[in-house]
Amino acid sequence: AFLAAIVIAVVLLWRVMRREGAYERQHENFVSAVTHELKTPIAGIRLALETVLSGRVDDEGRTRFLGNALADSERLADLVEKVLEVTRYTGGAHRLRMSLGDFSQLVEEEVIVAERRVAARGIVLEADILPGVQATFDAEAIAIVISNLIENALKYARREEPRVRIRLGLERGEAVLEVGDNGVGIAAYELESIFKPFYRANDEVTRRTPGTGIGLYVAHEIVEAHGGKLTASSPGPGRGSTLRLALPGAEALPEEELSEYSNGNGTR
């Protein structure tokens, strides 16, 4: 059933790409990325199960191999979830559930998740979150956007002394979230293309980094549906990049409410 879900997901992805009129190189990227993302964990699961069933490992070995199989199955589940995000949030099929909410708290929650993930990876994660930023948004959808932006930065941060910066502020009535890294950077001619479906930057580091090229596409579609903007900037290849989300209709909590927020009714 799980493999059937993967096959259906890939077919759905292909339909999205046909609908978007993707170019030939994007098609090649799609096939290469999805093939790699599927083959690696499937091979890992098969190896683990065959080893356990062979009876040639002790209890400790069985535990280790089954743990590896579980990790690979979770990787497959993540891929399916990303595919479902494409079909759910692109092409205007999803009706957003908009409500006034605490954008600062949502960002904080995603930062906490990211901190847990990078704890053992040596990545320096810097967060400067303005408290009490209020905006109207679909919490589930925008959480996906924030997660995808942070995941992208973590993935492409420099291998030596990797650093990711997350900043949330208010600018002219917009909630502005910036997620930057000190990694591979982006060539000027690719700054808009990275938001296309299945697009991956044409450099060696990006080609070696696992990914399907759909996370930023989904994020861009969700932000556009909110009337916001998602853009990228970079000084150039090898010099890092910054993704900037601007959400309209934002404001700060009044001072008296912000004081209560800071005293324990909000995050950090």
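For the stretch 132-166, the residues whose amide N sits under 11 Å from a probe point set 7 Å from the Cα of Val118 along the beta carbon direction are 150-158, 162-166.
Using the Cβ-Cβ distance between Glu224 and Glu171 with R0 = 25 Å, the FRET efficiency computed as 1/(1 + (r/R0)^6) comes to roughly 0.85. Whole-Hz Karplus values for the stretch 151-163 come out as 4, 4, 5, 5, 5, 9, 5, 4, 5, 9, 6, x, 9 Hz, taken residue by residue from phi with 6.51 cos²θ - 1.76 cosθ + 1.60 and θ = phi - 60°; glycine and proline positions read x. Karplus-derived 3J(HN,Hα) values for the stretch 220-236, using 6.51 cos²θ - 1.76 cosθ + 1.60 with θ = phi - 60°, are 4, 5, 5, 5, 4, 5, 8, x, x, 9, 10, 10, 10, 9, 6, x, x Hz; glycine and proline are entered as x. Annotation: amide H-H contacts under 5 Å for Gly185 (H modelled 1.01 Å from N, sequence separation of 5 or more, or interchain): Gly238, Arg239, Gly240, Ser241.
Taking label positions 7 Å along the Cα-Cβ direction at both Ala252 and Ser147, the computed distance is 3.1 nm, reported to one decimal.
Summarising the label geometry, the points placed 7 Å from Cα in the beta-carbon direction at Arg97 and Val57 lie 4.1 nm from one another.
Loop-only trypsin sites (Lys or Arg not before Pro) in the stretch 118-195, please: DSSP not H, G, I, E or B, and at most 14 other Cβ atoms within 10 Å.
Working: sites: Arg121, Lys155, Arg158, Arg159, Arg163, Arg165, Arg167, Arg172; in loops: Arg121, Arg158, Arg159, Arg172.
Filter output for the stretch 118-195: Arg121, Arg159, Arg172.
Amide H contacts of Gly132: Ser104, Gln105, each under 5 Å away and 5 or more positions distant or on a separate chain (H built 1.01 Å from N in the peptide plane; Pro and chain starts excluded).
None of the figures in this text is laboratory data; all of them are computed from the coordinates on show. Source: prediction; values computed, not measured. Cβ sites come from the backbone with ideal geometry, for glycine too, and all protein chains shown count toward neighbours.
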